[in-house]
Every structure is written in C-alpha cells, then in structure tokens.
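Here is the structure we will look at.
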Amino acid sequence: MHHPILRKHSHLRNVKHHLSATAPIIVPTRRKTALVICCMVVLCLTLPSCSISYKFNGASIDYAKVKSIAISDFPNNAALVYPQLSNDLSQGIRDIYQRQTRLQVTNRGGDMELSGEITGYTLTPMAIAADSYSAETKLTITIKVHFTNNIAPEESFDKTYTAFQTFDSSQMLTDVQEELCAIMIKELAENIYNDTVARW
C-alpha cells in the first residue's frame, strides 16, 4: 500500500516535468533583430549630433561644407603632341568625380579647384632583343597638377604625376596610342582622385 504523502510528492514531480517539457523557449527571431537594427539606424539619422560626412566610393567628403569642384582643361605643353590627349585627359578626370562623388563638377569657382598641364609625352626604347634592336617601347605621360581646397587650404598641393605603358616595337605608335592612353588616363585620374578626396 502506497503512503499518501509519497503519492503527493510523485504527483508534484510529474507536474513539474510536464511544465518544463511544454514551456516555450524564447529565442530572438531574425525579424526582431532586424527591427532593432532599423530602429537604431533611424534614431542615428534623426539625431542632430550624427556626422554629416559621408564616404562615397572611397571619398571622404563633408558635403555640408564642400559642394563643388572646378576642373580646368589640361593644356598639352609636351614636346611630342598627341592632339586628342588634352581633351581625353581633362574629361577623364572630370568623369571620375562625377561618377564617384556627389560634388557638382564645374569649370570655375568651385569649393575645390583642380588645374594643370601635360608636360611630357615620350617614347623610350626598352628591352634589347638578340639582334640589338629594342623589343619594346615605353610610352610615358607626365602631368603637373595644382589642387586648391578653398574650404581646407592646408590640403592644397602641387604634384607631378606619371603613367606609362609598353608596347611591342614592331607596332606603330599610331596603332596603339589610343588604347594605351586610355589606360594611362584612367590611372592618372584615379591617382589624382585618391590624393584630393580619398587621401588613401
């Protein structure tokens, strides 16, 4: 015969086991996590103390202060002149600021100003083949750049930039210079961009 107190204790254990087995486990859901993150973002955007300096495609620019950049044409003052180089270089530099920043690109009167000139367009023999003739030729573009930051004058500078490409000496310059110049203009524009607004 079972004692009544033992039966009562056994019943209590069974009730506790049943409750622990059926109690829901509270686990944060992805929806709740996303909601918390959204609330934090909205809160930051609405607070006046949040920064108004943005990083857009590598550029660190305070758009509340800097709204425009004036880019002048780069005249070709090299001894060897490729006629379309001046226009292609000037446009290539403008394009990178238009694509990768929110700055208004103008010809004059910007918060930042960029000007310069093409000072060198040279051909140099490179590797010498077994027949004592050059197997490759190096094409080099050299430009001088003057950058003025009217908002932060301490960031202004003057600098010389150089880019080069090589090609097989059996090829004529006229056959390859358009392609090679496009590569060098892209490199020059990226280097100028990095020094002026990205500062990597």
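Derivation of every value follows stated rules applied to the coordinates shown; laboratory data play no part. Just so it is clear, the model here is predicted, and its values are computed rather than measured. Cβ sites come from the backbone with ideal geometry, for glycine too, and all protein chains shown count toward neighbours.
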Sparse-neighbourhood loop hits (chymotrypsin sites (Phe, Trp or Tyr not before Pro), segment 65-164; DSSP loop; Cβ within 10 Å at most 14 others) -> Tyr133
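Where in segment 114-200 are there trypsin sites (Lys or Arg not before Pro) that are in a DSSP coil and have at most 15 other Cβ atoms within 10 angstrom of their Cβ? Intermediate values should be presented prior to the final figure.
Working: sites: Lys138, Lys144, Lys159, Lys186, Arg199; in loops: Arg199.
Here the trypsin sites (Lys or Arg not before Pro) that fit, given the DSSP loop and packing criteria, are Arg199.
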Filtered hits (aspartates and glutamates, Cα-Cα < 18 Å from Lys186, offset >= 8 within chain) -> Asp73, Asp88, Asp95, Glu117, Glu178, Asp195
Global size of segment 103-161 as Cα Rg and Dmax, reported in angstrom: 18.8, 58
Using a Förster distance of 45 Å, the FRET efficiency for Asp195-Ser170 (Cβ separation, nearest 0.05): 0.75
With viscosity set to 1.002 mPa s and temperature to 20 °C, compute the Stokes-Einstein D of segment 53-198, Rh being the Kirkwood radius across alpha carbon pairs; µm²/s, no decimals. 131 µm²/s
Exposure proxy order (Cβ contacts within 10 Å, fewest to most) of Asp111, Asp62, Asp158: Asp158, Asp62, Asp111
Could you compute the net charge surrounding Met126? Neighbours are other residues with a C-beta less than 14 Å from the C-beta of Met126; K and R count +1, D and E count -1. -1
Rounded to the nearest 5, what % of DSSP beta bridges with both residues in segment 53-198 are antiparallel? 80 percent
